[in-house]
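I'd like to ask some things about the structure below.
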Amino acid sequence: MSRNEGRFGTADGTPEDEGSSAVAVSGGSELNWAVPTEFVTLPSQGRYYPNNHPLSGKEDIEIRFMTAKEEDILTDRALLKKGVAIDRALQNLIVDKSIRVEGLLLGDKNALVIAARISGYGEDYTTSVICPNCAERSENTFDLSEVEAISITEALDSEGVTLTENNTFLFTLPTTKAEIECRMLTGKDELAIAKEGMRRERQKESSTALTGQLKRMIVTINKVDAVARIAGFIDNMPARDSRHIRSVLSKVTPNVDLTQSFTCEHCDFTADLEVPLTSDFFWPK
């Protein structure tokens, strides 16, 4: 998005738009064309990266618009099988090559995903939604230009969370009363969790997605940082505490708000739902 936009992408921006630029592509003098770029606002505002990270203190990141080359990446079967197609496409789009997708905070990565999708296929995203009221499936079109960053300032106070100087979150669990310290997940964590899920599925083992995610997020419990002791606590954690952690972190972690209005075409039920990121997202029909 341009620097003075409040959203996460524009469908018809040009290199001449304020706050945008272009990357030259050579195809012979008669076929030269400058690929437009845009500046995507980071939900983190660059505040939660280490000082030596290229995004530390940066409010936005410049990416190119999607081209046919990225479509090739997104449809590459080998990359899809490994679960890295979207990451490879995003890495290709980032102008500053010192920035790695796996080092992005998940909220910032999600903002790039939204902006990239808009640049490639437009703001309208039509997908199938199951109505929570009548359980019927219907098509719904979401407007991705309405996606905005979540403000975490008020959430930190309302949820009783302390943000430490190490950019970790401290809060107390409702059942065990344990004080836990959690960190924000990155693209690298997301990929590792996904790979472990695929491995367990191939081996026909039960899923450990929830506990695996918690083991990556929790840094200390009652100031204890021993990995084995933390893992043991998580495996035996009351479900109420586990749910509380996920609920709190969803509110205090910089991210994009994917909640939009949905009206069922079968029963007229209306509710605010999270935009489902299905296979239609980067592979529209």
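The values are calculated or read from the model by the stated rules, or taken from the named source; none is laboratory data. Everything numeric in this text was worked out from a predicted model, so none of it was measured. Neighbour counts run over all protein chains shown; Cβ positions are idealised from the backbone, glycine included.
Among the residues of the stretch 145-163, count how many are closer than 19 Å to Gln45 by Cβ, of a type in the set (D, E, K, R) and in contact (Cβ under 8 Å) with a residue 40 or more places away in the chain.
Summing the residues that are closer than 19 Å to Gln45 by Cβ, of a type in the set (D, E, K, R) and in contact (Cβ under 8 Å) with a residue 40 or more places away in the chain in the stretch 145-163 gives 1.
Which members of the stretch 213-233 meet the condition of being among the acidic types (Asp, Glu) and either part of a helix (DSSP H, G or I) or touching a residue at least 60 places away in the same chain (Cβ under 8 Å) (or both)?
none
In addition: Is it true that Leu170 is under 26 Å from Gln45 (Cβ atoms) and out of contact with any strand residue (DSSP E or B) (no Cβ under 7 Å at 6 or more places or on another chain)?
It is false that Leu170 is under 26 Å from Gln45 (Cβ atoms) and out of contact with any strand residue (DSSP E or B) (no Cβ under 7 Å at 6 or more places or on another chain).
Against the conditions (1) outside any loop (DSSP other than H, G, I, E, B); (2) touching a residue at least 40 places away in the same chain (Cβ under 8 Å); (3) over 20 Å from the mean Cα position of the chain (by Cα); (4) exposed (fewer than 15 other Cβ atoms within 10 Å of the Cβ), where does Ser138 fall short? Just the number, please.
(4)
Do the conditions hold for Ser128, that is, is it touching a residue at least 60 places away in the same chain (Cβ under 8 Å) and loosely packed, with under 15 Cβ neighbours inside 10 Å?
Spelling it out, Ser128 is indeed touching a residue at least 60 places away in the same chain (Cβ under 8 Å) and loosely packed, with under 15 Cβ neighbours inside 10 Å.
Looking at Ile152, is it over 26 Å from Asn236 (Cα atoms) and not acidic (Asp, Glu)?
Taking the combined requirement at face value, the residue satisfies it.
Further question on the same structure: For the stretch 234-247, how many residues are in a helix (DSSP H, G or I), touching a residue at least 60 places away in the same chain (Cβ under 8 Å) and over 17 Å from Glu181 (Cβ atoms)?
1
Continuing with the same structure: For the stretch 250-285, how many residues are acidic (Asp, Glu), in a loop (DSSP other than H, G, I, E, B) and either touching a residue at least 60 places away in the same chain (Cβ under 8 Å) or not assigned by TED's automatic domain parsing to the domain that holds Tyr49 (or both)?
Residues that pass the stated criteria total 2.
I'd like to check which helices (runs of 4 or more DSSP H) are fully inside the stretch 64-107 and have at least 2 residues that are crowded, with 19+ Cβ neighbours inside 10 Å and on the phi < 0 side of the Ramachandran plot.
68-74, 85-93
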